[in-house]
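The values are calculated or read from the model by the stated rules, or taken from the named source; none is laboratory data. For clarity, every value in this text was computed on a predicted model and none was experimentally measured. For neighbour counting, all protein chains shown are included, and Cβ atoms are generated from backbone atoms with ideal geometry for every residue, glycine included. Quick note on the areas: whole protein, heavy atoms, side chains included, nothing else; ligands and nucleic acids left out. Shrake-Rupley method; radii C 1.70, N 1.55, O 1.52, S 1.80 Å.
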Amino acid sequence: MSDMHGLIYAYHASPSLGGFTESRTSASLPFCARYRLIDFALSAMTNAGIRNVGVVMQHDYQSLLDHLGSGKDWELSRLSGGLRLLPPFGIRGSHIGEYRGCMDALSAVQTYIDRILEDFVVLFRGDLAVNLDLHAVLDAHLRTGCEITAVCTENPRRGTSGACFVPDEAGVSREMLFSDSVPKGAVQSIEVYVITKALLVRLIDWSRANGRGHFHRDALAHYLRTGGAVGVYRHRGYTPSICTAADYFNANMAMLRRESRGDLFSDARPVYTKGRSSVSTYYGENASSQNSLVADGCYIEGELVNCILFRGVRVEKGAKLHNCVVMQDSVIGENAALSYVISDKYTVFSKGLVLSGNSRLPITVPKCKII
Amino acid sequence: MKKACIAMLLAGGQGSRLYALTSRTAKPIIPFGGKYRIIDFPLSNCANSGIDVVGVLTQYRPLQLNSYIGSGQPWDLDIASGGVCILPPYQSSGARGEWFSGTANAIYQNIGFIDLWNPDYVLILSGDHIYKMDYSDMLEKHKANGADCSIAVIRVPLEDAPRFGIMSTDDRGFVYKFSEKPKKPDSDLASMGIYIFTWKKLRAYLIEDERSPGSEKDFGKNIIPNMLQNGEKLWACRFEGYWRDVGTIDSLWEANMDMLSPTLIDLYDRSWPIRSRSPTKPPHYIGENAAIRHSIITEGCDVRGMVTNSVLSSGVSVGEGAVVDYSILMPGCVIGAGALIQYAIIGENAVIGAGAAVGLPPNGKTDIRIATCGPDSAVAPGETVEAGEMLYSVGGDD
């Protein structure tokens, strides 16, 4: 039985993702033709044998609930434990409002956290596309003897808290730096932590008592100031941060590269997602397709170049799609020509429509739109 | 617990006419149409028809079949009050255990299972046909006609009739004559191997047939003729739509090719989904120099060559410069760079070396001879497998 308990933050909706997070949180953003971002966090946990996982949510979680169901698709529908969905516990008199940061979110579900039996908790951002070996992270955590271990990348990334560490030879850091001016050898947190349950509870208590809501700049900074140390686990695979529409587009396009795809998808640690019974994809007599990723259930009679197609997309005769991300069940009408377009689910592009964005400013089309 | 109708799915046959493809696994779980296995069709039809008890009779090489069916979850048949149940031959106290010796004997040996559900009707299915059918509709007609046995029939070209069990019916559809593979057929209504019996009647006939010496204990050869002879009401339920028997290499290949014409059978229809157990695979990737036309591709594939008129199951990889035409590539097989695959069936996890050539296009239209590479077989780089040749993998056993 795993000694780790998973907690996934899925309450956040990045405001710069435009229409895509209007009715869903970043964690339930569709990604790479058949996934939602939260699949990566859930799969990492399942693959590490973690059997108890809580998903912290606050609002706009309809889409997330629909996706997660009982947790069966991640083997987390269990007789005891398994997947637990954690909307805010509406305790009378407690702080209710927009979570300022992770500590508010954790504080809102503290009665759940108090009952965690495992010694270690994995805190995982629900909107990360990463294939992590959490066993290896726990090993590193146990090696340093720290109470908390940060999973870090050597490549600086935008959009996250920007918390950086400068680990010593033993892989331990006693200070935390933020964003821009970091020395050589600094690594940046991807916001996945292994933390002892005891420390987590202490940090929640401290944050609540002091009216602090953030994890890095409040709780972790306090912990380091008072003599704490953070273990550092270096993760080398591709780990995009998806905060803006352009990030989203680039991360999808990166999946067309074999190396990046290999970093996120491996037979050793598969990525699970909600099942859907679809047929295989059919390519018509005049279809043409290059450098594209296509899910099941599509019907393609047109042309695809550098595209990501989700399940059930229909590309009619003569339609041309270049550098597009098309989410599930959309229809591209005859002779339509789209380039640099990201379209949400159930969108219909009418016959002959021409729509061109560019790589830095892809055109985004919201859900259920008919153009 | 009582159920109005339960289904018994005969999945124990060896499927010996599929040779290499069934040398290690049972016929019902042969991959089909990219995403599916043959047994997905009757299982999905049951679930869609509201039949929620399905006994699956297994015998030949059941290992993969059992793990494929599992709890029945992919077909929504994992329910507490019934669901899918694997029924292997078993030993009973005192008597020696015995194998299923015929289709009727297989059901006979499971009378106990059927009686558990105390059903009014029993639907008998087999695991080697591709079709979509609403069994509940057939059941309603069975009741309305007061039949003892209803047999689903489909019109076939008269010249093909000698391959089937042929029914002659009166104008109300009642059967007055049944001939198994007649040389001179006097009707074009062929049995589809789908029966609904009133359980009390069938139970009595099964027991009687079991006692009769020399019986082959077969539905088509014994039970149906006996019922007809005794004046029971046999009704032929006409089916119109797509139905194919996939019991031979040629028919399996042809039916897969049919899947390339989505108008023949609509698998996109959300109201009648055919469900399958899917491996966990990423979307399929189409390479920079790939070309895919008139083909079916499934998740987990990695296609860098040219694929035309072909059906690719999940996790297939086709190397740079390889050409695949009029072929069926089953799950996990690997086609090396520059290989040429034509009019072939490549079994699960088979590996075709770079530059190898498997199969040939027909001489003219009728002379199609399919080359077959069995599951786990290997073709060395540059080697040739002739048209119509059959390659078995060496060693290994499950």
Practice task
Give A:Asn335, A:Asn286, A:Asn291 a once-over and let me know the one that is away from every other protein chain (no Cβ under 14 Å) and either without any contact (Cβ under 8 Å) to a residue 40 or more places away in the chain or under 24 Å from B:Ser317 (Cβ atoms) (or both).
Solution key: A:Asn335
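Matching residues to (1) part of a strand (DSSP E or B); (2) touching a residue at least 60 places away in the same chain (Cβ under 8 Å); (3) within 20 Å of B:Phe32 (Cβ to Cβ); (4) open to solvent by 10 Å² or more (accessible area, probe 1.4 Å):
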{"position": "B:Ser314", "(1), (2), (3), (4)": "no, yes, yes, yes"}
{"position": "B:Val324", "(1), (2), (3), (4)": "yes, no, yes, no"}
{"position": "B:Ala337", "(1), (2), (3), (4)": "no, no, no, yes"}
{"position": "B:Gly355", "(1), (2), (3), (4)": "no, no, no, yes"}
{"position": "B:Arg369", "(1), (2), (3), (4)": "no, no, no, yes"}
{"position": "B:Thr372", "(1), (2), (3), (4)": "yes, yes, yes, no"}
{"position": "B:Pro375", "(1), (2), (3), (4)": "no, yes, yes, yes"}
Completion exercise
Sole miss for A:Gly297 among (1) at the interface with chain B (Cβ under 7 Å from one of its Cβ atoms); (2) in contact with a strand residue (DSSP E or B) (Cβ under 7 Å, 6 or more places away or on another chain) is condition (1)
Practice task
Please identify the pairs in which a residue from the stretch B:116-129 that is within 22 Å of B:Trp253 (Cα to Cα) has its Cβ atom under 6 Å from the Cβ atom of a residue that is open to solvent by 10 Å² or more (accessible area, probe 1.4 Å), counting only partners at least 6 apart or on another chain.
Solution key: B:Ser126/B:Leu10; B:Ser126/B:Gly193; B:Asp128/B:Lys27; B:His129/B:Asp245
Exercise for the section: Considering only residues that are more than 15 Å from B:Arg238 (Cβ to Cβ) and under 21 Å from the mean Cα position of the chain (by Cα), look in the stretch B:132-161 and name the one that is modelled with the lowest pLDDT. Expected result: B:Asp160
Exercise for the section: Search the stretch B:276-288 for residues that are more than 7 Å from chain A (Cβ to nearest Cβ) and pair each with any residue that is outside any loop (DSSP other than H, G, I, E, B) and open to solvent by 60 Å² or more (accessible area, probe 1.4 Å) when their beta-carbon atoms are under 7 Å apart and the residues are at least 6 apart or on different chains. Expected result: none
Problem - Residue satisfying condition, being within 30 Å of A:Gly284 (Cα to Cα), at pLDDT 90 or above and open to solvent by 40 Å² or more (accessible area, probe 1.4 Å), within set B:Asp170, B:Asp250 - result: B:Asp250
Practice task
Only residues that are in a strand (DSSP E or B), over 12 Å from B:His129 (Cα atoms) and in contact with a strand residue (DSSP E or B) (Cβ under 7 Å, 6 or more places away or on another chain): list them for the stretch B:1-48, please.
Solution key: B:Cys5, B:Ile6, B:Ala7, B:Met8, B:Pro31
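For every residue, the table says whether it meets (1) without any contact (Cβ under 8 Å) to a residue 40 or more places away in the chain; (2) of a type outside the set (Gly, Ala, Ser).
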residue	(1), (2)
A:Phe165	no, yes
A:Arg202	yes, yes
A:Trp206	yes, yes
A:Tyr223	no, yes
A:Gly237	no, no
Practice task
Name the one entry in A:Arg236, A:Arg269, A:Arg217 that is part of a loop (DSSP other than H, G, I, E, B), open to solvent by 20 Å² or more (accessible area, probe 1.4 Å) and more than 14 Å from chain B (Cβ to nearest Cβ).
Solution key: A:Arg236
Practice task
Quick one: in the stretch B:46-72, of everything that is within 14 Å of another protein chain (Cβ to nearest Cβ) and touching a residue at least 60 places away in the same chain (Cβ under 8 Å), which residue is farthest from B:Arg24 (Cα to Cα)?
Solution key: B:Asn48
Exercise for the section: Would you list the strands (runs of 3 or more DSSP E) that sit entirely within the stretch B:135-218 and hold 3 or more residues that are acidic (Asp, Glu) and more than 21 Å from B:Leu123 (Cα to Cα)? Expected result: none
Practice task
Test each condition in (1) surrounded by 21 or more Cβ atoms within 10 Å (Cβ to Cβ); (2) touching a Pro at 6+ places or on another chain (Cβ under 7 Å) for B:Leu57 and report the one that comes out false.
Solution key: (2)
Practice task
Could you grab me the full set of residues in the stretch B:292-317 that are over 23 Å from A:Val271 (Cα atoms) and within 7 Å of chain A (Cβ to nearest Cβ)?
Solution key: B:Ile292, B:Arg293, B:His294, B:Ser295, B:Ile296
